[in-house]
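Presented below is the structure to which this report refers.
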């Protein structure tokens with residue numbers, strides 16, 4: 001999305017980068033990455049004070065992103081302290097201060113745009129020129145931290161901070177190094193010291209409040225943020241942060257009042273509405289929710305997000321929900337979202353012509369609208385499947401280059417719906433083959449059954465953490481969506497561009513564990529130490545979503561984390577292969593051919609079969625074949641698997657349509673060889689032979 005800006009930054013085109021970054025930040029005011037890049041552009045343009053303002057906006061939007069805070073510390077070098085920095089450099093070993101400062105600033109810019117190799121090279125050059133300078137140490141420590149090596153970061157920053165105890169940049173970086181190593185109390189101490197010298201820095205205060213809340217003191221976090229609220233200068237994002245702390249502290253009434261007041265001013269704030277919905281759900285405040293939303297709608301009758309929130313309370317299928325849709329259409333007749341709600345309501349009433357007519361109105365107003373286009377395709381499939389395929393071809397031709405792969409995936413789905421399974425498979429398989437070189441290699445599995453260390457007795461005070469895992473095609477992402485919507489402590493950062501550097505990062509650990517070369521205890525301790533940095537609140541249990549599994553991990557988990565649970569999401573393996581082909585997977589593993597995918601799935605499923613049959617680790621194999629479209633059924637199944645009540649999520653939480661249970665049989669001819677590979681393990685797991 002921002003590749004052009006990053007390229008301009010990399011080339012050093014300051015003015016062009018600044019103009020592009022400003023436009024991006026104005027177009028995406030709630031995206032922290034846009035403000036992060038604007039800050040980098042302002043630094044390149046030698047406007048450090050404005051750069052600090054921009055990075056503060058990014059932090060306000062994403063206060064838990066440690067990388068943003070590290071960049072803020074680096075930005076400080078170029079603000080009003082530039083003269084002091086120059087004086088310090090001029091007294092260090094007789095070197096040219098401008099040369100060292102230039103290296104540092106260039107390295108900061110490289111770090112801000114994610115160019116770790118470039119930042120490391122420049123920082124090493126600066127280190128050779130001035131090895132004892134505090135900002136060089138801060139830079140080297142920050143690079144180590146961004147590279148996933150918090151231990152090395154602490155080794156660099158700790159001694160440097162001891163030698164320069166008053167340096168704010170160093171203290172900033174040190175605080176996040178402590179946090180990454182799980183030393184939350186030390187991190188808090190570092191940030192409190194910073195706050196003493198910068199009491200009016202709202203982003204810094206928000207970072208400290210978040211740190212305090214993560215240690216189980218959300219009430220104190222609210223108190224820390226009170227001066228920001230009292231100043232009247234709190235941004236909407238900071239007010240959301242305070243409301244989140246209030247909710248965590250059990251101050252549901254206060255949190256709701258804060259969010260409602262915020263929505264009076266910014267009625268389209270989707271994050272505030274989502275948080276408000278969770279607060280009302282936990283506090284059982286349905287009547288309160290209706291009353292407050294009605295008040296907000298009187299103030300902002302044309303705001304779609306408020307109408308969507310109001311509709312979610314009654315549900316589209318109820319009489320009350322139909323009345324809400326009618327009022328929404330009257331208040332905002334030209335809104336594509338109000339037309340979409342009415343379109344779905346017509347479908348519920350079996351009023352197909354009216355639904356199709358609205359879908360065409362939506363597409364006329366907003367070309368490429370996904371759900372409206374799908375409704376048109378659905379109507380065409382019912383009348384003339386070939387016309388539906390031609391319609392998608394037209395969409396493909398009109399689509400921008402970056403969307404054409406999605407259009408081809410849709411083409412395969414339409415061919416499948418039209419009864420042309422062989423053509424659908426050829427389309428999907430061709431797409432996967434094209435991008436295989438861009439995807440991650442599939443993990444190489446070890447032996448599924450072998451000797452395992454004794455399962456230790458769980459420690460009485462150890463949180464009951466959960467590992468969630470599902471193979472491609474299992475639709476584990478739907479399970480994750482439910483957990484996310486109901487506010488469960490789901491950690492999904494392994495699917496981001498900054499996965500945590502622990503034992504689940506590199507599948508090469510499989511061979512190391514099986515050979516006995518890995519320090520199993522150290523691997524578990526490293527995983528545990530990173531939890532606070534990843535979002536664990538205090539000592540609470542988390543649900544860690546894994547991209548892969550191998551029973552070799554039991555060499556570490558059975559003795560080191562016996563109180564944890566493993567939840568394996570499973571469907572018929574043949575349906576899983578088909579779903580992987582049709583829709584891809586959260587873990588972007590390469591799929592060169594259907595047969596290669598089937599062989600790998602069969603190998604992985606042997607581990608599941610052994611795990612379940614021999615009860616090698618506490619947990620559940622969660623079969624969701626019949627509940628992937630049913631929010632209530634999925635919530636019930638999750639409650640049993642987690643041994644904790646999972647509320648029913650709102651309608652629509654499971655995402656768009658996928659292939660239903662048993663659809664694999666319609667592909668039995670074109671996928672005969674692949675299904676033959678999967679049949680033995682499918683039967684072993686309890687699925688029918690045919």
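The values are calculated or read from the model by the stated rules, or taken from the named source; none is laboratory data. Remember, predicted model here, so these are calculated numbers, not experimental data. Counting neighbours? That spans all protein chains shown, and the Cβs are built from the backbone with ideal geometry, glycine included.
Looking only at residues in the stretch 192-201 that are modelled with pLDDT of 80 or more and not in a loop (DSSP other than H, G, I, E, B), the one that is farthest from residue 538 (Cα to Cα) is 196. Looking at 95, 70, just one residue is within 30 Å of residue 214 (Cα to Cα), in contact with a helix residue (DSSP H, G or I) (Cβ under 9 Å, 6 or more places away or on another chain) and either at pLDDT below 70 or part of a loop (DSSP other than H, G, I, E, B) (or both), and that residue is 70. The single residue among 383, 408, 439, 404 that is more than 30 Å from residue 551 (Cα to Cα) and touching a residue at least 12 places away in the same chain (Cβ under 8 Å) turns out to be 408. Counting residues in the stretch 525-545 that are closer than 20 Å to residue 584 by Cα and surrounded by 20 or more Cβ atoms within 10 Å (Cβ to Cβ) gives one or more. Considering only residues in the stretch 636-654 that are in contact with a helix residue (DSSP H, G or I) (Cβ under 6 Å, 6 or more places away or on another chain) and surrounded by 13 or more Cβ atoms within 10 Å (Cβ to Cβ), the one that is nearest to residue 426 (Cα to Cα) turns out to be 654.
If you filter the stretch 115-134 down to residues that are in a loop (DSSP other than H, G, I, E, B) and surrounded by 17 or more Cβ atoms within 10 Å (Cβ to Cβ), you find that the one that is farthest from the chain's Cα centre (by Cα) is 130. Can you tell me which residues in the stretch 608-630 are touching a residue at least 40 places away in the same chain (Cβ under 8 Å), more than 28 Å from residue 556 (Cβ to Cβ) and buried (at least 21 other Cβ atoms within 10 Å of the Cβ)? Correct list: 628 only. Among the numbered conditions (1) surrounded by 17 or more Cβ atoms within 10 Å (Cβ to Cβ); (2) modelled with pLDDT under 90; (3) closer than 17 Å to residue 430 by Cβ, tell me where residue 404 comes up short. All conditions pass for residue 404, except number (1).
Do we find that residue 253 is in contact with a helix residue (DSSP H, G or I) (Cβ under 9 Å, 6 or more places away or on another chain), surrounded by fewer than 16 Cβ atoms within 10 Å (Cβ to Cβ) and not in a helix (DSSP H, G or I) in this structure? No: the conditions fail for residue 253. Can you tell me which residue is farthest from residue 28 (Cα to Cα) among those in the stretch 260-276 that are surrounded by fewer than 18 Cβ atoms within 10 Å (Cβ to Cβ) and within 19 Å of the chain's Cα centre (by Cα)? Going through the qualifying residues, I end up with 274.
Flag: residue 312 matches the condition of being in contact (Cβ under 8 Å) with a residue 12 or more places away in the chain, within 27 Å of the chain's Cα centre (by Cα) and surrounded by 17 or more Cβ atoms within 10 Å (Cβ to Cβ). Of the helices (runs of 4 or more DSSP H) lying entirely inside the stretch 338-457, those containing at least 1 residues that are farther than 30 Å from residue 599 by Cα span 352-365, 370-383, 385-398. Look at the stretch 646-690 and say how many of its residues are part of a loop (DSSP other than H, G, I, E, B) and more than 30 Å from residue 275 (Cβ to Cβ). Going through the stretch 646-690 one residue at a time, the tally reaches 14.
Here the stretch 121-134 is the region considered, the condition is being over 20 Å from residue 72 (Cβ atoms) and in contact with a helix residue (DSSP H, G or I) (Cβ under 6 Å, 6 or more places away or on another chain), and the residue that is modelled with the lowest pLDDT is 129. Counting only helices (runs of 4 or more DSSP H) that fall entirely inside the stretch 515-603 and contain at least 3 residues that are within 22 Å of residue 681 (Cβ to Cβ), the qualifying elements are 573-583. Within the option set 580, 600, being at pLDDT 95 or above and more than 20 Å from residue 422 (Cβ to Cβ) holds for one residue only, 600. In the condition set (1) within 15 Å of the chain's Cα centre (by Cα); (2) touching a residue at least 60 places away in the same chain (Cβ under 8 Å); (3) under 25 Å from residue 558 (Cβ atoms), residue 482 is compliant with all but (3). Of all the criteria given as (1) touching a residue at least 24 places away in the same chain (Cβ under 8 Å); (2) touching a strand residue (DSSP E or B) at 6+ places or on another chain (Cβ under 9 Å); (3) buried (at least 20 other Cβ atoms within 10 Å of the Cβ), the one not satisfied by residue 671 is (2). When the criteria are applied in full, residue 676 meets the requirement of being loosely packed, with under 14 Cβ neighbours inside 10 Å, assigned by TED's automatic domain parsing to the domain that holds residue 482 and either free of Cβ contacts under 8 Å to residues at least 60 places away in the same chain or more than 30 Å from the chain's Cα centre (by Cα) (or both).
Checking residue 504 against (1) buried (at least 19 other Cβ atoms within 10 Å of the Cβ); (2) more than 19 Å from the chain's Cα centre (by Cα); (3) in a loop (DSSP other than H, G, I, E, B): exactly one of these is not met. Which one? Residue 504 satisfies all of (1) buried (at least 19 other Cβ atoms within 10 Å of the Cβ); (2) more than 19 Å from the chain's Cα centre (by Cα); (3) in a loop (DSSP other than H, G, I, E, B) except (2). Considering the stretch 135-191, and only residues there that are touching a residue at least 40 places away in the same chain (Cβ under 8 Å), in contact with a helix residue (DSSP H, G or I) (Cβ under 8 Å, 6 or more places away or on another chain) and outside any helix (DSSP H, G or I), the residue that is nearest to residue 111 (Cα to Cα) turns out to be 181. Determine, yes or no, whether residue 450 is touching a residue at least 12 places away in the same chain (Cβ under 8 Å) and either closer than 30 Å to residue 561 by Cα or touching a strand residue (DSSP E or B) at 6+ places or on another chain (Cβ under 7 Å) (or both). Yes: the conditions hold for residue 450.
None of 282, 214, 205 is farther than 30 Å from residue 525 by Cβ, at pLDDT below 90 and either buried (at least 16 other Cβ atoms within 10 Å of the Cβ) or within 22 Å of the chain's Cα centre (by Cα) (or both) except 205.
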